[in-house]
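I have placed the structure first, in the form of structure tokens, so that the comments after it can refer back to it.
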Amino acid sequence: MNYNWNWHIFFEPNPTGAGTYLDMLVAGLLLTIQTALLAWVIALIFGTIIGILRSLPSRTASWIGFGYVEFFRNMPLLVQLFLWFFVLPELLPRGAGLWLKQIPNAPFWTAAIGVGLFMSARVAVQLAAGIASLPRGQKNAATALGLTTAQGYRYVLLPMAFRIIMPPLTSEFLNTVKNTSVAITIGLIELTGQARAMQEFSFQVFEAFTAATVMYLAINIVVVTGMRFLERSLAIPGYITGK
Amino acid sequence: MFDNLDFDVIRRSLPYLFLDGMSFTLMLTGLSALGGLIFGTLIALMRLSGYKLLGRVAGLYVDFMRSLPLVLVIFWFYFLVPYIGQWLTGASRPIRVGAFTSSLVTFIMFEAAYFSEIMRAGIQSISKGQPAAASALGLTYSQSMRYIVLPQAFRNMLPVLLTQTIVLFQDTSLVYVLSIPDFLGAASKVAQRDGRLVEMYLFAAAVYFVISCVASYGVRRLQARIAIVR
């Protein structure tokens with residue numbers, strides 16, 4: 001392979017004048033983590049609301065839940081980001097559209113909200129499945145104790161369901177981290193974007209992508225290890241996962 | 001709100017969008033699904049082979065691919081495939097590879113990791129008695145896999161495989177990062193040429209939405225039809 005390897009490239013100054021190439025990649029890593037965390041918060045909030053709607057006996061509620069999930073699951077994430085970024089400001093009334101276009105850090109907010117809503121549909125499906133997996137007696141017992149529906153969800157069903165769906169939620173969080181890289185298309189210079197920029201400036205393609213790969217693997221290992229501890233301490237005694 | 005929109009741009013660009021863009025997308029989806037399924041099945045067989053080293057290698061490959069974002073993998077292969085080609089053909093310099101070949105290699109290698117997990121679950125869902133009966137009948141390992149285990153595993157997992165293919169169909173839009181004119185890339189080219197981002201992106205979204213909805217409805221129907229009563 002006649003490729004000119006140069007692993008010292010990371011410690012050479014980058015063309016932006018601020019630090020080395022390694023600093024560039026680390027800045028990208030931090031932006032990836034920030035975007036993913038904000039997206040994850042959004043995904044959890046909306047996913048919980050929609051997941052609850054899907055599990056309610058009301059016809060209307062489960063239809064809303066179904067429609068929401070189908071809407072966000074049947075379009076590529078990239079197209080959804082384009083809709084939020086390019087289309088939404090044009091369809092709003094003039095004033096609101098102009099305000100949207102002038103928000104500083106627009107790619108960051110669009111990416112966090114877009115990825116967050118995209119992932120919320122998946123969280124909703126997981127949560128609804130978690131609630132459905134609970135024995136019917138749990139809900140009945142909550143009602144028999146005099147809890148309202150809201151209280152039943154708050155104190156009985158949701159705490160159980162979330163503990164049961166911990167493992168799939170871990171992989172959905174990892175998907176959120178990975179999906180932030182799609183925001184490179186709306187100009188968010190996160191980890192993949194910085195690796196790409198480094199490749200264009202320095203021509204050291206494989207070093208740049210290797211570093212980004214190692215960083216993504218590191219995120220995975222940290223999250224998986226951390227979640228394993230969390231899963232173990234939150235596992236419900238008597239269920240397969242809890243011993 | 002819709003005053004200054006010109007939806008005629010969609011009609012004018014229909015032939016380009018579908019004959020060039022959508023056919024690229026569908027070809028890429030179909031061939032990647034096929035290739036991913038073949039390689040995925042091989043990886044699943046490696047993991048279940050009982051040879052420790054082989055299983056470890058396959059497991060590492062799957063975990064590795066699944067921890068990377070597809071966008072990064074697309075970039076990786078875009079730059080790597082010319083060198084792989086050089087190595088395979090023994091040429092003196094990296095060979096030139098077309099956009100389609102490059103993205104096809106990417107998606108096959110990437111999807112193989114996901115398909116292998118599905119096939120592994122499918123193979124493991126076959127009761128132990130089946131391969132045992134096969135070897136009692138004198139079938140070799142490969143015969144038992146070919147005639148007994150894999151057909152059943154494939155049938156059991158068909159809905160999941162198709163659902164993964166729908167995800168793949170949506171994911172092919174990411175070749176946009178290489179400025180390849182797949183369906184979204186074609187829509188985006190027209191959008192930028194004519195300054196009609198709103199119309200084109202709304203239309204692209206609608207097309208992806210309708211195709212995915214119809215396909216997943218079909219999968220649900222199929223699932224109900226082929227479910228084996230146990």
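Laboratory data are not the source of any read-out in this text; all were calculated from the coordinates shown. What you are looking at is a predicted structure, and each value in this text was computed from that prediction instead of being measured. All Cβ positions, glycine included, derive from the backbone under ideal geometry; neighbour counts span all protein chains shown.
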Given the Cα atoms of chain B, and with Rh set as the inverse mean 1/r over their pairs in the Kirkwood sense, what is Rg to Rh to two decimals?
1.06
Model label zone, residue B:179; criterion: amide N under 18 Å from point 7 Å along Cα-to-beta-carbon; scope the stretch A:154-191
A:184-188
With N set to the number of residues, divide the alpha-carbon radius of gyration of the stretch B:54-144 by 2.2 N^0.38 Å and report two decimals.
1.51
To make sure I understand the rule: partners must be aspartates and glutamates, Cα under 14 Å from the Cα of residue A:101, and not fewer than 8 residues away in the same chain. Which ones qualify?
A:90
Straight-line reach check, residue A:178, cutoff 19 Å on alpha carbons, 8 or more apart in-chain or any other chain, hits among aspartates and glutamates -> A:190, B:63, B:111, B:117, B:171
Hydrodynamic radius (Kirkwood) for the protein assembly as shown, which is based on Cα pairs only, to one decimal in Å:
24.6 Å
So how strong a dipole does the stretch B:33-160 carry about its Cα centre when Lys and Arg Cβ are +1 and Asp and Glu Cβ are -1, to the nearest 20 debye?
180 debye
For chain A, place one equal point scatterer on every Cα, skip the solvent, and apply the Debye formula. What is log10 of I(q)/I(0) at q = 0.12 Å⁻¹?
-0.81
The equivalent-ellipsoid semi-axes of the stretch A:38-179, taken as the square roots of five times the Cα gyration tensor eigenvalues and listed largest first in whole Å, are 33, 16, 13
Volume per residue (Å³) of the convex hull spanned by the alpha carbons of the stretch A:24-92 is 118 Å³
Starting from the Cα of residue B:128, draw a straight line to each of the lysines and keep only those under 29 Å, dropping any in the same chain fewer than 8 residues away.
A:243, B:52
What does the charge dipole of chain A about its Cα centre add up to, to the nearest 20 debye, if the Cβ of each Lys and Arg holds +1 and the Cβ of each Asp and Glu holds -1?
1180 debye
If eta is 1.567 mPa s and T is 4 °C, what Stokes-Einstein diffusion coefficient results for the stretch A:109-163, Kirkwood Rh from Cα pairs, in µm²/s?
104 µm²/s
10 Å Cβ neighbours from other chains, averaged over peptide A:180-191
3
Let me know the Rg and Dmax you get for the stretch B:156-230 when you use only its Cα atoms, in Å.
16.2, 58
Mind listing the phi-derived Karplus ³J(HN,Hα) values for the stretch A:29-42, rounded to whole Hz, using 6.51, -1.76 and 1.60 with θ = phi - 60°, and x for any glycine or proline?
4, 4, 5, 4, 5, 4, 4, 5, 5, 5, 4, 5, 4, 4
What relative contact order, as a whole-number percentage, does chain B give when Cα pairs under 8 Å and 6 or more residues apart are counted?
30 percent
Which residue, chosen from B:53, B:32, B:85, occupies the Cα position most advanced towards the positive end of the dipole of the stretch B:26-141, where the dipole is computed from +1 (Lys, Arg) and -1 (Asp, Glu) charges on Cβ about the Cα centre?
B:53
Summing -39500 (n - 2.57) over every DSSP H run of at least 4 residues in chain A and dividing by its residue count gives a helix-only mean residue ellipticity at 222 nm, to the nearest 500 deg cm²/dmol, of -23000 deg cm²/dmol
At R0 = 45 Å, FRET efficiency that the Cβ-Cβ distance of residue B:147 and residue A:136 yields, to 0.05
0.55
For residue A:20, distant residues with modelled amide H under 5 Å away:
A:14
With N residues in the stretch B:115-194, Rg(alpha-carbon) / (2.2 N^0.38 Å) equals 1.76
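Output the direction-averaged projected area (hull surface divided by four) of the convex hull of the alpha-carbon atoms of the stretch A:139-243, in nm².
On the way: hull surface 37.9 nm².
It is 9.5 nm².
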Can you compute the charge dipole magnitude of the protein assembly as shown about its Cα centre, using +1 on each Lys and Arg Cβ and -1 on each Asp and Glu Cβ, nothing else charged? Give it in debye, rounded to the nearest 20.
1820 debye
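If you wrap a convex hull around the C-alpha atoms of the stretch B:1-96 and split its volume per residue, what is the figure in Å³?
Per residue, the Cα convex hull of the stretch B:1-96 comes to 189 Å³.
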